[in-house]
1. Place a point 7 Å from Cα of B:Ile195 in the direction of its Cβ. Which residues in region B:295-338 have their backbone N less than 19 Å from it?
2. Is the shape of chain B best called rounded, prolate or oblate, per the rule: a/c under 1.5 gives rounded, else a/b larger than b/c gives prolate, else oblate, with a ≥ b ≥ c the square roots of the Cα gyration tensor eigenvalues?
3. When all alpha-carbon pairs of region A:332-577 are counted, what percent fall beyond 28 Å?
4. How high is the FRET efficiency from B:Asp380 to B:Leu125, r the C-beta distance, R0 22 Å, rounded to 0.05?
5. Quick check on chain A: take the gyration tensor over C-alpha atoms, sort the square-rooted eigenvalues as a ≥ b ≥ c, and tell me if it's rounded (a/c under 1.5), prolate or oblate.
6. Partner chain Cβ atoms within 10 Å, averaged over the residues of A:246-253 - can you pull that number for me?
7. Using just the helices of chain B, give the 222 nm mean residue ellipticity in deg cm²/dmol: DSSP H runs with n ≥ 4 each add -39,500 (n - 2.57), and the total is spread over all residues, rounded to 500.
8. How would you classify region B:260-362 from its alpha-carbon gyration tensor, with a ≥ b ≥ c the square roots of the eigenvalues: rounded for a/c under 1.5, else prolate if a/b is greater than b/c, otherwise oblate?
Amino acid sequence: MLKRIGHSVREYKKYALISPILVAIETFIETFIPYLMSKMIDKGIIPGNLAYIEKLGVFMLIGTFISLAGGAGASWYSSKASAGFAKNLRHDLYHHIQDFSFEDVDHFSTSSIVVRLTTDIMNIQQAFQMLIRAAARAPLMLIFSITMAFTVDAQMAMVFVVSVPLMAIGLTVIIAIGRPLFKKVYQRYDGLNRVVRENLRGIRVVKTYNRAELEDKKAEKASSSIYEVFSKAERILQLNSPIMQFVMYGTLLFLAWFGAKRIVGGTMQTGQLVSLLAYAMSVLMSLNILSNVFNQMTISLASAQRIDEVLTYKSTLTNPKNPLTDVKTGEIDFDHVDFAYADDGVTRLEDINLHIKPGETIGIIGETGSGKSSLVQLIPRLYDVSHGSVKVGDQDVRDYDIRTLRDNVSMVLQQNVLFSGSIADNLRWGDEQATDEQLVQAAKLAQADDFINSLPDGYDTYIEQGGSNVSGGQKQRLTIARALLKNPKILILDDSTSAVDTHTDSLIQTAFREELPEMTKLIIAQRISSVQGADRIVVIDQGKIEAVGTHDELMNSDDLYQDIYNSQIKGGETHAKN
Amino acid sequence: MQRTRVAGRAKLDGSAWQILWRLLKYIMQKSHFALFIAFFSVIVSAGASVVGTLFIQRLIDDYITPLMKVAHPNFTPLLHMIILMGAIYLLGVIGTLLYSQLMIMTGQKLQKRIRDEMFTHMQQLPLSYFDSNDYGDVMSRYTNDVDTLRQMVEQSFPMFINALFNVVFTLTAMITLSPTLTIISLIVFALSIFIVRKLSSKSSYYFRMQQKALGNIDGYIEEMLNGQKVIKVFSHEDQAKAGFDKRNEALRQDASMANGLSTMLFPIMGNVGNILYVLIAVVGGYFAVNHITPITLGEIAAFVQLSRSFSQPIAQITMQLNSIIMGLAGAQRMFQLFDEPVEQDSGDTTLVYVTENEQHELTETSERTDKWAWKTPEKDGNVKLTPVKGHIEFKDVSFSYDGKKTVLHHISLDAKPGEKMAFVGATGAGKTTITNMLNRFYDISSGQILYDGIDIQNIQKASLRLSMGIVLQDTNLFTASIRDNIRYGRLNATDEEAVEAAKLANADSFIRNLPKGYDTVIDGSGSDLSQGQRQLLSIARAAIADPPTMIMDEATSSIDTRTEALVQSGMDNLMKGRTTFVIAHRLSTIHNSDEILVIEDGRIIEAGNHESLMQEKGEYYELYTGKTILE
């Protein structure tokens, strides 16, 4: 898994390699300095050898400057490497997601994908930088320091054989006990979030039923449950610093006592003791850093897993090997089509057989959940059939290049989405090269030109994210115009005029009939009036075709159609959307 | 990570000292003793570490060097010294243990207390607070802000004080050892602090940029994923990828700069310590050899050690100062919430259960009966009981949120007990605002609203709201069992009553079909129930409360026709015998209303029943025949 994610380093690999080398240089010089210092004291200061002091001093200063350059360089290049790595990882992930089908996106959910692309990758970036910088530094420092300590005085250095494992055991135990507790803390935070969120959203209900006390109790319970685990977890983790101090002070005292004896005994020199003390500090410090690194790494491991899960997810829709790149006609055939969504397996469409001639206008009517949308989504391969086949221009849709197919099948979706940008930008989604005249023409067909012109900035009016500054009906008309600009062979309107008033709706229908006779048109609607003029109307009920015919035929032969018709006449049928 | 990310954002308006002082007072209220002990423990811990460094000098000068000169060294004084040091060290360790544990306890208790008190306070805030604040923003006060505050108390406070005393002690020790060498050290440090400040102000700029770039990319992903079907249908994948890559590259640049500059601080501070270390040794050695200033070998050794450890606390202070500012920003946001004025309530009329005898006299009772009355205390000390009927009158009511723009104009209406009154109008016309006046989610600006003849200003808000059930489009269920969700309407309802309410709401059959029936635990955000089923539960919740008046927001068309019919009949069941206000979204369900009010721009433009309005051939007629549409 880590290897797979690691592939994303690519062009930043050189920075990632330079960084630990620079760290090694820095660390090496840093650990060497106390050794030189002992030489300086024992051979320079005590005998009063000024020349030696000067010579060694300059040498050491140059060394520290190199070390400084190494350290700063490591920071710089590790940041470059990790930020670049994160960029590539985001790139790979996002591009992979673009090939996902809707089932795949639904599988992960939008918010979880956003979190993976932002927070999770940020965690990995941090961990990666740590890996090539701090994680390289701590073990090096440990090894160098212990080696140097043994070089200075092997007998005295034996103290590390006791203190290092002692410290290591202490830290391991703390992490082992603390970590599961921290995991629990995060879970309990979810509980608190839930209580607050539900309270904020439901504040009208809370106030109506006077449930402030009950809500207080819930919040108190959630905050207590965090407190219990969190304070325990933190208290255990905080034992780290007194333990570290204890071992460090113990080591110092040991070195002081036995060092003094050895110096007096003549087997050791004062400078050596001073440098040993410095090494003791670095050894214990590096252990501490190591434990931090370890802790951080495991946190980001969870993030890495979440990213890998997406990266390795195989999209359920794929392009055929030798795809067809030309759609001949707007003819559509449904041949014994069964369909079920993968996630629940419930059959949505059953044994659908339907032949649609090029240029025909087909109305589709049926209750919510009867399978109307599922039926038309099979045509541009938003989903694939479970059994049977869907053909466009006498070829199975699965044999076409997906892009070719979708360029020829224009679909106005039920959830009509506009993107932030001007109206013209949004319309040009249909055809990037469209001229202004073409935009106006499409907008006229969709009965959108009038209202666009009434806006202060006309076609340059900026659409907010999600299209919040135009009304539902206007949005629907814009999305229809956008679909028309593609000049497709097949146009599908999935309940796309529900927020448009009946008069405008009929203008759109007329325009379609008169201006676009060659285009095959499939119109899903709730209102009978929207499909009344179609060549044929398909009535769908519970995933099956109940009847096919013209309005008059169905009024005579089909009970369900009559029922729908009657209910709309009686009820006045005004879909007042807000 | 989290901390550095927030660093860029940390901004304080107002005086940091004021917030700090207020925060300290807040903490002191509960944990003054622990804080006091912790403060001294920090000083002890810092002292022990400085004394420990000085110990090396004493060891070399006072013990090792003299002992080297005698033939038969006596190690007893040295042993005593070691034992004494051991005791001091132990004291330091105990100090560290004490303050770290105490501060954790303080911080943890503080975070719990803040959360509880914030929540309790929030429950008392008027609805305008909830309507005008972003939920995400409020929620982050409970999590992110409290967390940074906790970190500040647990770590930054003690570390800052520890580092501060460390600097003071170390500096004192250094001056005592050698003023000349101290000056050299200080110059080098001044230089390094200057570089650090430059770097950190630069890096915090890039952190802010990174944060912005991150927000930018976040919004882009969200927009693209939400519109993914459209992207597919129009084969716009390449453009979507290109747009992403552009933002991604911007993020990389800022992240690289921000991290590059900020992580550079550590090697700089560390190596400055080393440079100083060498410098002191050279200069000190030079002094000692040439006898320029009286300095001993031990003093040099100790000074070298001191100056090396000096860089640590200084870096610490800069870092902690940053997190303290961040923590204070969190504290400020928390105090802001505390400072929000709570909902005012001057009503003294309350809702009580009563029994009625044959002479129609009412007697208050603590038990639940099927009759409610308004209980108003009178000046003479008696109480007046008015039977609750559900008669509601608006008399020339106007309303403005801000005192400038009037959103309701001269609304007058009269809903007799048991009548059904429907509001029709476009989104934003003021339908919901009228009902908000009724249960006093907002208070009217002028005019009067009477409930059974009593001005609702005089009714205690809790009682008023209890007498009015609501069924909203946003069903707002809570994470709990279905039974508890129904019982939210009346906490002491029995299981049988819950089932009865569910039956009335047409919810019983679907509930029974669930594997665990009434004990099924549902998720408040509700992915496990359909919109229609949630609607049915909210009807059942209102039914169990059994209020004399109902406010109903009709379901929109997002539910399937069969469930919609169930919801409609459930609502009809609930309306029976109650004064009901319906916010209508489709006209087919309201013909049977006693009165239909057509609202436009906060005014009633038409009123009457279905027949009379159809004859009028006005706005209602236009709507009904589909000539215009509500948008």
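Each value in this text was obtained by applying a stated rule to the coordinates, not by laboratory testing. This structure is a prediction, so every number in the text was calculated from the model and none was measured. No Cβ is skipped: glycine too gets one built from the backbone with ideal geometry, and neighbour counts run over all protein chains shown.
1. B:307-319
2. prolate
3. Values: 9811 of 30135 pairs.
I get 33 percent for the Cα pairs in region A:332-577 exceeding 28 Å.
4. Values: r = 36 Å, r/R0 = 1.64.
It comes out at approximately 0.05.
5. prolate
6. So the per-residue partner count for this stretch is 5.
7. On the way: 21 runs with 371 residues, N = 631.
That comes out to -20000 deg cm²/dmol.
8. On the way: a/c = 7.45, a/b = 4.80, b/c = 1.55.
The shape class here is prolate.
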